[in-house]
Amino acid sequence: MRRAITIFATTALMAVAPAALAGTVVVRAAHMIDVLAQKRVDDAQVVIVDGRISAVGHKGDMVPAGATVIDLGTRTLVPGLIDMHVHLTSDPRFSGYTSLQFTDQFSTVVGVANARRTLEAGFTTVRNVGSDGYADVALRQAIDLGEIIGPRMITATYALGATGGHCDTTELPPSLDKQWPNIANSPEEFRALVRKVHKYGAQVIKICATGGVLSKGDAVGAQQMTFDEMKAVADEAHMLGLRVAAHAHGTEGINTALRAGIDTIEHASLADAESFRLARDKGAALDMDIYDDDYILSEGAKNGVFPESLEKERVIGRKQRETFRAAHAAGVTLLFGTDGGVYPNGDNARQFAKMVEWGITPIEAITAATATAAKFLDRTGDVGAIAVGRYGDLVAVDADPLANVRVLEHPSFVMKGGEVVKQTP
């Protein structure tokens, strides 16, 4: 326990009470998880005015006149959850060559459905780290305008990579190969790509530093970008005020990315003690999708995943989970990132149980998906905690997630920005 809960009330709210406030909602619940204080609070009451939290206290505190009151009874509130690694425009049912049966814009339509599923699953904010055709920007714009239902999105647009690497098309013959706009082969070319994707809507930069599981023809751990190329990306992105995420399974690729100044390492399957030291020293985080192994190995063959990719997953899956446990023991900052789209979007919360199974506590897992994630999005003033000034993003579950983290897989109430998205009896 780091500090006692503080009961907040803004000066503006107190000045106008008890007069009615437009857009004022009061949410009550038997319990609330305070991720900043790292504890459970009983008899919680949250006041939301025009989409942002104006007071956090207890049942019995002042309720503004005219406010809409939502009493969730015995349920437990947690902050709106954050997934730091999703692909909303991907559908795992169509992997490998099976994806070629669809028109180019099919993925954008898939994204509309996935956005809604993800939000209704309690994930009110996501970092979308890779999408073709700037489809993720289209989704973000439609969500922000209220045209479709979905989470707040931080968009990467295309993931940047080298010729023949994980971010390139490697499964087609030369006569059919498409020259993608996200491929570069020198520091200056990568620097130019950062500027280009930022111009068209990138709010975070994603690179492919090593091979991958689902890409054809590469070794999962092989480094695919040089130090100078990675540093050029990091320097250019940071100059623009953007963070950088690196897809990296292999040890050398992970450590090179960390030395180059990359902010988050995605997957991090073969990270070693040097990786842990570098991450701590550089203030970087590991974002490890340790649920995916279950889905890929059980459903991948049916979905068209390449046989060589299934073999790579058999080699890497267990090692990644062991690395996750070792990273936690070494004091490395861990984020909640699932690689949604490799498994069905909307099932994001299944990873919480895997994180607990492999060594962390429920409160640590929840914090990874809230306060810590918000820090690495540079949005601690907006999301990641039930605190004054942040958006009214709330999720309620029917039991204590600190006792059974799997209850987060079935939220009974979801609110985004003070508006109810989902509520079951």
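Read-outs: derived from the displayed coordinates by stated rules, not from any lab. Keep in mind that what you see is a predicted model, and the values were worked out from it rather than measured. Cβ atoms come from the backbone with ideal geometry, glycine included; neighbour counts cover every protein chain shown.
Here are some notes:
- Beyond 22 Å in Cα-Cα separation lie the following of the pairs 302/422; 206/422; 231/312; 206/282: 302/422; 206/422; 231/312.
- Sum of side-chain charges, residue 105 neighbourhood, beta-carbon under 14 Å (Lys, Arg +1; Asp, Glu -1): -4
- Lysines with Cα under 22 Å of residue 319, excluding same-chain neighbours fewer than 8 positions away: 216, 354
- Global form of the stretch 311-368, assessed from the alpha-carbon gyration tensor, a/c cut-off 1.5: oblate
- Within the stretch 337-365: backbone nitrogen closer than 19 Å to the residue 280 label point (7 Å, Cα to C-beta): 359-361
- Residues residue 272 and residue 179, FRET efficiency given R0 of 45 Å [Cβ-Cβ distance, rounded to 0.05]: 0.80
- Electrostatic bookkeeping for residue 48 treats Lys and Arg as +1 and Asp and Glu as -1; over the other residues with beta carbon under 15 Å from its beta carbon, the sum is -2.
- Dimensions (Å) - the stretch 82-159, Cα atoms, principal axes, largest first: 32, 21, 21
- Packing-based order for 48-58, 208-218, using average beta carbon neighbours within 10 Å, highest first: 208-218, 48-58
- Straight-line cross-link partners of residue 196 among the aspartates and glutamates, defined as a Cα under 17 Å from its Cα and at least 8 positions apart when in the same chain: 132, 136, 188, 229, 235, 236.
- Normalised by the number of residues in the chain, the mean separation of alpha-carbon contacts (under 8 Å, six or more apart) gives a relative contact order of 19 percent.
- Listed candidates [x] 182; [y] 136; [z] 161 - label of the one calculated as volume of the Cα convex hull per residue in Å³: [y]
- Computed FRET value (nearest 0.05) for residue 106 with residue 322, which takes r as the C-beta separation and R₀ as 30 Å: 0.20
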